[in-house]
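Here's the structure we're looking at; comments come further down.
The values are calculated or read from the model by the stated rules, or taken from the named source; none is laboratory data. If you're wondering where the values come from, they're calculated on a predicted model, not measured in any experiment. Here the Cβ positions follow ideal geometry from the backbone for every residue, glycine too, while neighbour counts run over all protein chains shown.
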Amino acid sequence: MQNIISGLNQAHENDSGEERKLIGDRGDYFLNRMQGETGVDISACYQCERCTNACPVSHFMDIKPHQAIRYVQLGWREDLIKSSTIWICLSCEMCTTYCPYEVEVAEIFNHLRNMAAHSSITPKEKSLAVFHQTFLEVLQKSGRVNEFRLMNTYYLKPDILHERIKNKTLKEDLLLGITLLRKGRLKLFTPKSKAIKEIKRVYSQTRGEIV
C-alpha cells in the first residue's frame, strides 16, 4: 500500500516537473454551483464531442466545448476563467442544439463569462472581455442596447482606442458606422425600456448583490 501511495505522489508531476491535476481533487463544489446557478444538468454530459463538432469556431479555442464541460465537472474553474474559449464563443447555440442530452453549453459559457468579468484574473482575450462588460453596463443603464452608445462607451475604456488605432481597425469601424447611419440602421438615441427596474434587479442578482 505504501508503494502505491508513493507512486501516486510521484505521478503528481510530469516529465517537465509541472504539477499534474488529479481527477476529483477539487470535489463537486464548482459543479454543484454551476448547476445551481444555470439550471443546467452538466453531469449529464458523457463527452460524445458533438458540441465541439458542431461549433463553428472550435478550431480557435484553446479548450474545446466538450473539454470545457469536463473542466466544470472536475472543478477546474481557474483554467476556464483564464481560457480564450469563453470569449471566442459566438453564443450561436449550435452546441446545445446537437447535444443528445440537451446540455446547454452556450449558457454555461455565458455564465463563465460573467464570472470572469468580475474576477481578478486577467482575461486572455482582453478586448472581448471589455466589450462583454461594456454590453452589460449599457444594458443595465437603459434596458436596451443602443449600438452607438455601446461602441462609444467601449472605445472610452482604457487601452481600447489605442489598440484599435494600433491594429488599424478604427477606420473600418468608423466607415461601417457611417454606412449604417446613412441607411437608418444606426440610431443615436434609444428610449429606456419600461422594464428597466426589473432588468437592473436581475443584473444585480447575477452579480450576487442583495436587492
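Scanning the stretch 48-93 for residues that are at positive phi and polar (S, T, N, Q) yields one hit, 91. Please pick out the residue among 91, 58 that is closer than 25 Å to residue 202 by Cα, among the hydroxyl-bearing types (Ser, Thr, Tyr) and either in contact with a helix residue (DSSP H, G or I) (Cβ under 7 Å, 6 or more places away or on another chain) or assigned by TED's automatic domain parsing to the domain that holds residue 136 (or both). Answer to the check: 91. Suppose the filter is hydrophobic (A, V, I, L, M, F, W, C) and not in a helix (DSSP H, G or I); does residue 72 pass it? In short, no. Restricting 204, 120 to residues that are surrounded by fewer than 16 Cβ atoms within 10 Å (Cβ to Cβ), hydroxyl-bearing (Ser, Thr, Tyr) and modelled with pLDDT of 80 or more narrows the list to 120. Within the stretch 136-162, the set of residues being over 20 Å from the mean Cα position of the chain (by Cα) and either exposed (fewer than 15 other Cβ atoms within 10 Å of the Cβ) or of a type in the set (Phe, Trp, Tyr) (or both) comprises 148, 152, 155, 156, 158, 159, 161, 162. For the stretch 130-181, which positions are under 27 Å from residue 114 (Cα atoms) and either of a type in the set (D, E, K, R) or not assigned by TED's automatic domain parsing to the domain that holds residue 193 (or both)? Result: 137, 141, 144, 147, 149, 157, 159, 163, 164, 173. Of the residues making up the stretch 26-39, just one is modelled with pLDDT under 90 and within 13 Å of residue 71 (Cβ to Cβ), namely 26. Of all residues in the stretch 42-69, those satisfying the criterion of being under 14 Å from the mean Cα position of the chain (by Cα), outside any loop (DSSP other than H, G, I, E, B) and among the aliphatic types (A, V, I, L, M) are 68, 69.
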